[in-house]
Ligand SMILES: Nc1ncnc2c1ncn2[C@@H]1O[C@H](COP(=O)(O)OP(=O)(O)O)[C@@H](O)[C@H]1O
Ligand SMILES: [Mg+2]
């Protein structure tokens, strides 16, 4: 997607020459002849960068800059001031009004382009850093068991950990979970042990004792391998406390949920920043996914955070294209995952998930794409 640049100057000749140069370099250009027009256009759709003249009719560039900074999201947009005013005082006034850079006219399009590239690259890095600084909860839930939910959760968690995110995977299956097995690990303790502590004693140290480290840096809070005894079942207060602590110590918490809408599941879904609803690529499972979406919607889960992922488990290519599945579902599908039984079976058997196999298979590529979309 092209970067959008808002060019603000009362000189139509300058707008045309710079506008053309940016356009040729592949940018999307929006122009404004004065302050109010610039503010209106920035508010309509935030640009990725703003080039701002100072001597404008009516409202001057310093004031426009201050007001741009107050728009929602406007505080992080790179703003370059471009002015005929070249005194040190003018530059200082520009920076204190919130500009990131200050250029004195005349300026060649080449220099302008270079400055823009530098600022955009910096702002992309900052954006990424901000994203990483916040802790995020991503929940995986299948429309039924056996659709490949755990496989997706485990692989997405591994990819995030490999990319340097401090990631914890929580296997929240009371009936026995297999995330540890997929990771080639045997848990000595599990959520079932944690459930025996009172909620107010669940602190970072206690959690740490229940986390299983993986060589990628991923940490797993495992489910028991066999079903919980009823007395060892996690309460929704436990789930709240665990999420509170984990989001303090990790910046990504991935939760593998059972296909059950119990109290604990709702705690996670209500707190999730992103929900992957996993289904199969056939008409019955897509029908089920439609009903799940309705339930999530009726419980006030924002539609925008829900991603439908369809796993092809029919074999060969599915009888339906992604577009057809989307029509049946009446909504977009984030990913259609290929049917790869041998690869998945081998992964489980050896405890080496697909994301770690480095064989550059279609499935591995799809998992990386999925991780990008969800994490
Ligand atoms: N894309 C796929 N193609 C073929 N088999 C898969 C795929 N994803 C998962 N599987 C297999 O399906 C079975 C169930 O997977 P799992 O991730 O445990 O599902 P769930 O968590 O939904 O119960 C496992 O044997 C797994 O290896
Ligand atoms: Mg599972």
Open item on the list: Quick check: from the Cα gyration tensor, does the stretch 304-375 come out rounded (a/c under 1.5), prolate or oblate?
Closed with: oblate
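With a 10 Å radius around each residue's Cβ, average the other Cβ atoms per peptide and rank 249-257, 232-240, highest first. List each step's numbers first, then the result.
Details: 249-257: 25.0, 232-240: 17.3.
Ranked from most to least packed, the peptides come out as 249-257, 232-240.
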Open item on the list: Please give the Cα centre distance for the stretch 326-375 versus the stretch 57-85, rounded to the nearest Å.
Closed with: 45 Å
Open item on the list: Averaging over every viewing direction, what projected area does the convex hull of the Cα atoms of the stretch 1-51 cover, in nm²?
Closed with: 3.1 nm²
Open item on the list: Given points 7 Å out from each Cα along the Cα-Cβ axis, report the residue 327 to residue 175 separation in nanometres with one decimal.
Closed with: 3.5 nm
- [ ] Could you work out the Rg to Rh ratio of the stretch 153-291, with Rh taken as the Kirkwood radius (inverse of the mean 1/r over all Cα pairs)?
- [x] 0.96
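Stretched out fully, how many nm does the piece from residue 317 to residue 11 gain, at 0.36 nm a residue minus the Cα gap? Don't skip to the end; give the middle numbers.
Values: separation 306, 0.36 × 306 = 110.16 nm, distance 5.79 nm.
Going from the current span to full extension adds 104.4 nm.
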TODO: Mind pulling the angle between the C-alpha long axis of helix 61-70 and the longest principal axis of the chain? Nearest 10 degrees, somewhere in 0 to 90.
DONE: 10 degrees
Task: Helix 35-44 vs. the chain, principal-axis angle (Cα, 0 to 90°, nearest 10) - done: 20 degrees
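Assign one of three labels to the stretch 4-130, namely rounded, prolate or oblate, based on the Cα gyration tensor with a ≥ b ≥ c the square roots of its eigenvalues; rounded applies when a/c is under 1.5, prolate when it is not and a/b is larger than b/c, and oblate otherwise. Before the final figure, lay out the partial values.
Details: a/c = 1.20, a/b = 1.07, b/c = 1.13.
Here the stretch 4-130 falls in the rounded category.
If we count other beta carbons within 10 Å of each Cβ, what is the order of 197, 320, 27, fewest first? Write out the running numbers ahead of the final one.
Details: 197 14, 320 19, 27 22.
Ranked by crowding around the Cβ, least crowded first: 197, 320, 27.
Going by average Cβ neighbours within 10 Å, how do the peptides 55-62, 158-165 rank, with the highest at the top? Before the final figure, lay out each step's value.
Details: 55-62: 16.8, 158-165: 20.5.
Answer by packing, highest mean first, reads 158-165, 55-62.
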TODO: Rank these for me by crowding, 96, 135, going from fewest to most other beta carbons within 10 Å.
DONE: 96, 135
TODO: Rank 216, 201, 114 by mean-square fluctuation in a GNM of the chain with C-alpha springs under 10 angstrom and give only the top-ranked residue.
DONE: 114
Task: DSSP bridge pairs, the stretch 135-374: antiparallel proportion in percent, nearest 5 - done: 5 percent
Open item on the list: Give me the base-10 log of I(q)/I(0) for the chain at each q in 0.08, 0.10, 0.14, 0.15 Å⁻¹, Debye formula, one uniform scatterer per Cα, rounded to two decimals.
Closed with: -0.55, -0.76, -1.06, -1.13
- [ ] With springs connecting C-alpha atoms under 10 Å apart, model the chain as a Gaussian network and identify which of 142, 351, 74 has the largest mean-square fluctuation.
- [x] 74
Task: C-alpha long axis of helix 149-162 to longest principal axis of the chain, angle in ° - done: 50 degrees
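Let a ≥ b ≥ c be the square roots of the eigenvalues of the Cα gyration tensor of the stretch 68-135; is it rounded (a/c under 1.5), or, if not, prolate (a/b larger than b/c) or oblate?
oblate
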- [ ] Evaluate the Debye formula for the stretch 236-283 with equal point scatterers sitting on the alpha carbons, no solvent, and hand back log10 of I(q)/I(0) at q = 0.30 Å⁻¹, in q order, two decimals.
- [x] -1.29
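The numbers here are math on the coordinates, done by the rules we state, and not lab data. Being a predicted model, the structure only gives us computed values, none of them experimental. Glycine gets a Cβ as well: all are built from the backbone with ideal geometry, and neighbour counts include every protein chain shown.
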